[in-house]
């Protein structure tokens with residue numbers, strides 16, 4: 001989230017402002033499941049570790065509980081080819097990115113949120 005605040009944004013809306021998308025996500029945060037938010041987080045900022053993704057969700061205002069502690073992440077996202085490992089960072093932590101399937105899913109999620117107003 002610090003990178004987003006610092007201006008390292010990935011343009012994902014027609015206006016080119018991911019802050020529009022962030023605001024939209026925050027306003028509907030309680031209606032969006034954690035799994036979908038993980039996908040959106042990787043759309044907003046590709047190449048994140050699991051702790052970075054978790055922190056981004058918390059920064060957006062989502063209560064994550066123990067979702068990241070069990071097999072949810074790997075079972076629901078990695079094994080279903082929505083996200084994939086993309087090497088490791090300097091701390092030797094796995095870095096994750098969206099697959100093409102994940103990119104399409106992220107756009108579907110964002111379109112659904114946008115349609116809610």
*So how far, in whole Å, is the C-alpha centre of the range 83-117 from the one of the range 14-80?*
8 Å
*Distance in nm between label sites at residue 90 and residue 104, each 7 Å beyond Cα in the beta-carbon direction?*
3.7 nm
*Which parts of the range 21-64 would a label at residue 78 reach, counting a residue when its backbone N lies under 11 Å from a point 7 Å out along Cα-to-Cβ?*
50
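Laboratory data are not the source of any read-out in this text; all were calculated from the coordinates shown. Remember, predicted model here, so these are calculated numbers, not experimental data. In this analysis, Cβ positions are derived from the backbone assuming ideal geometry, glycine residues included, and neighbour counts consider all displayed protein chains.
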